[in-house]
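The values are calculated or read from the model by the stated rules, or taken from the named source; none is laboratory data. Keep in mind it's a predicted model, so treat the numbers as computed, not measured. We place every Cβ from the backbone using ideal geometry, glycine too, and count neighbours over all the protein chains shown. Heavy atoms of the whole protein, side chains included, go into the accessibility calculation; ligands, DNA and RNA do not. Shrake-Rupley method; radii C 1.70, N 1.55, O 1.52, S 1.80 Å.
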Amino acid sequence: MKSILSVSSCGFVDDFLRIEMAVGQNVLRKEGFEKLTGAARYVDDIALEGMLFGKTIRSRIPRGRIKAITFDPDYDWSRVVIADYRDIPGENYVALIENDQPLLAETEIRHCEEPILLIAAESKHEAEFAARHIGIEYEESHPLLTIEEALNRDEIIYGSDNIFKSFLIARGDVDEGFKQADHIVTGEYRVPHQEQLYIETQGMIAIPGKDSLTVMGSMQCPYYVHKAIKQLFKLSDEQTIVIQTTTGGGFGGKEEYPSMIAAHAALLAHKAQRPVKMIYDRAEDIAATPKRHPGVIRHRTGVMSDGRLVASEIDIVFDGGAYATLSSVVLSRGAIHAQGPYRCDNVRITARAVATNTPPNGAFRGFGAPQVAFAYEMQMEKIAAELRLDPLDLRRANMLREGDITATGQRLNWSVGSEDVLNAAVERSGFVGKRRAISPNNNGSKRRGIGLSFFFHGAGFTGSGEAKMKAQAGVEITPEGRARVLSGSTEIGQGTRTIFCQIVADELGVNYDDVEIEEPDTSRVPDSGPTVASRTCMVVGRVVQLAARDAKEKLIRFVAERFGEADVKLIAGWFTARGKRLASFGETAREYANLHGDLRVYACYANPPGVEWDDDTYTGDAYPVFSYGAEVAEVEVDMDTYEVTALKITTAQDIGRAIHPTLAAGQIEGGTLQAVGYGLFEELVWERGRIVNNRLTNYIIPTSLDAPEMETIIVEKEYPHGPFGAKGVGELPMDGAAPAIASAVFNATGAFMTEIPITPERLLKALENMPAPQSVDNHDQQ
């Protein structure tokens, strides 16, 4: 490991001033031992005295009204606690962006699995038994179940047009660009729902207090839950306590939905005046919780004969489900990323999220970008095929580079690793040679193919989001001589606890083992914003770094006053001046606490200088910086069964400085495999607004046997405003595999896939029905 060495005023190296640097090293995970040994306590491991078990009674129809609810008189209802919307102390909605989603349905039903009643009993069995004795009679209405039905407006279920949100991004003169183009290429692409499938299902415990309410459980965003509980129960900040327990994965699925299950448990606890635990089984979790937004994306692209893009018109429609939830911000990110990492002076992007009578869709790793990435990359493949251009050359000719301007008018001023990642992936995979070898000799029942994708992902909240959020974090110097990180950001398996401690250790100049992190508890840590949007390391990590820097400066001033020295430094755990050791970090911390009490320093995020965004025109700096990726997929297609096997994926991803290289590589490989599932396997089956394959036996995800060989290249194009140069990594890996695999299938079979997942049935249909792309002269379309 690297060491910091202090050179004294005499010019020699003081051997006592050595400390191993943490950033850039594969240090032990802070929570690793507890998880490895089974000591970590997940919410379902927690048992409290007098605790009841909760269950949700849900709608079985997609749209209609509740006519009557009946309770079997032969059942002893004194054995359970029943809650409905009338038991809510505050207003009946789950606070998020829009206040349209009720905690419990009153009379109107807008989707299957909508919660209507809650039951608490002494055991899970008793709650299930009681639920069988409740009858609900409905008056059904005609549901809207698809994007097309919502847009047709035969029924209006939201506003005047069934549209939750719309955006327009415009740059240049699109009409003039199309007039100049030698060719116009069009394409329509369809992307599906996708289930997050975290290993631990949704779960919460609510504990009523005399003047307070505590909820604890599996979540990504404690302050989201805090906001929802406060409103529903008319409580103050101090009366509402939200604690994250050890969480078994999230992938966005535990961003907004935990507010719902937490409030359900809290309502039962409030009524029973006893703790209540609610844990979903897998079937309920898949059936009732938000999914990735499905969508239809249409491209119309004006291209010169040499492949240069001169006009781009893109239309995006996402299915938001029955309530708005996070659809507006998912759509926003999708719209901003829709042009891809490509230059084009004339762009018009329209984006809409529509309401349907299906369970609300919400956050999922990538947050709108994987949907549009599949579309823009397949559109580039189509352009290359129709113009008979090499797809790699086409991407190189149009890629965004430093100094270029995006669709929103953002000039890329720093950390643009586009060329680096594309070159690295292509060279390491041998893409050019393998593609040349495959094309002329691809016959037989097993065909090989190789494909490429190139993508980018904005780190942090979109537009003005981070400036409005003003994420806070802090560092506490304990009397025991340790540093403690104070942040509402959560550990969901990605390494938050570890990288924050690495950042603080190196900023303070102390050992990694001397830094700890406070549990995410809203009564003890500040609001750092949600653990989403590839922002935890880059945004909150930077705030943590600034707080550590301020704490260090306070201690340096304290030591300087104590010893009468002017040029005090903190190096390798020692305060020094003029080549002399003055005091250790631990000694100083203890003395400071004795004289002044606890030292806690908080910092707040501010956008880097020059970052500007206009919410009204949707122009400017959409993100402080982008991360970049390139992926090469190698596949084998069985022409008898039409099964596609991903053999190898080579991926290069520019994430800025890798704070913990092993954790970063794990994020890249895990996200890539999740994207393989998106492209090849994962498909929800719907029947009149209900998911029918809501079990792991029939919702197919890639297993270890399906995982391709992976080669991961981390490109560290450092970002000057991230902690030690870091950018975002969590979502970028989700964007590239699906289009790379589809491109490889095209290379292997000639079937141009416009819809995922690429199931055998879908591939067979494409081979039978889809003609090969043909060149279209622009003059034929004028």
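Structure notes:
- Nearby lysines by direct alpha-carbon distance to Lys765 (threshold 25 angstrom, same-chain neighbours under 8 apart not counted): Lys382, Lys446
- Length gained when the stretch Ser166-Asp87 is fully extended (0.36 nm per residue, less Cα-Cα span): 24.9 nm
- For the stretch 271-309 and the stretch 323-370, distance of Cα centres in Å: 11
- Restraint check, Lys291/Lys468; Lys210/Lys230; Lys67/Lys277, Cα-Cα greater than 20 Å: Lys291/Lys468; Lys67/Lys277
- Solvent-accessible surface ranking, highest first, for Asp154, Asp527 at 1.4 angstrom: Asp154, Asp527
- Accessible area in the full protein assembly, largest first, 1.4 Å probe, for Ile119, Ile438, Ile700: Ile700, Ile438, Ile119
- Restricting the GluC sites (Glu not before Pro) of the stretch 83-114 to loop positions (DSSP other than H, G, I, E, B) with no more than 12 neighbouring Cβ atoms within 10 Å leaves Glu91.
- Amide H contacts under 5 Å for Lys165, placed H, 5+ residues apart: Ala353
- Three-way shape call for the stretch 609-724 based on the alpha-carbon gyration tensor, with the a/c threshold at 1.5: oblate
- Dipole size of the stretch 188-326 about its Cα centre, with +1 on Lys/Arg Cβ and -1 on Asp/Glu Cβ: approximately 340 debye, rounded to the nearest 20.
- The stretch 33-112: C-alpha gyration tensor shape, a/c 1.5 cut-off, then a/b vs b/c: oblate
- Partner aspartates and glutamates for Lys434 [C-alpha distance under 15 Å; skip if fewer than 8 residues away on the same chain]: Asp390, Glu631, Glu634, Glu636
- According to the Kirkwood relation over distinct C-alpha pairs, the hydrodynamic radius of the stretch 370-520 is 20.1 Å.
- Accessible surface, per residue, of the stretch 359-447 when the full set of protein chains is kept, probe 1.4 Å, Å²: 36
- Here the extension length gained between Arg549 and Glu20 equals 188.6 nm, from 0.36 nm per residue of separation less the Cα-Cα distance.
- Over the stretch 675-715, the fraction of Cα-Cα pairs per 5 Å bin, rounded to whole percents and listed from the shortest bin up, is 5, 20, 20, 20, 13, 9, 5, 5, 2, 0.
- The stretch 190-220 and the stretch 635-697 have Cα centres separated by 24 Å.
- Qualifying trypsin sites (Lys or Arg not before Pro) for the stretch 415-481 [loop in DSSP, other Cβ within 10 Å: at most 16]: Lys470
- Rolling a 1.4 Å probe over the protein heavy atoms leaves Leu599 with an accessible area of roughly 10 Å².
- Convex hull of the stretch 104-263 built on C-alpha atoms - directionally averaged projected area, nm²: 16.0
- Cα gyration tensor, the stretch 665-778 - rounded (a/c under 1.5), prolate or oblate: oblate
- In the complete set of protein chains, residue-level accessible area for Thr712 is approximately 40 Å², probe 1.4 angstrom.
- Full-extension gain in nm, Asp44 to Thr617, via 0.36 nm per residue minus C-alpha separation: 201.6 nm
- Once all protein chains are placed together, His270 keeps about 80 Å² accessible to a 1.4 angstrom probe.
- Links that overshoot a 28 Å alpha carbon limit, given the list Lys227/Lys554; Lys30/Lys727; Lys227/Lys717: Lys227/Lys554; Lys227/Lys717
- Translational diffusion of the chain, µm² s⁻¹ [Kirkwood Rh, Cα pairs; Stokes-Einstein; 20 °C; 1.002 mPa s]: 77
- Sparse packing (at most 14 other Cβ atoms within 10 Å of the Cβ) combined with a DSSP loop state is found for the following GluC sites (Glu not before Pro) in the stretch 122-230: Glu122, Glu155.
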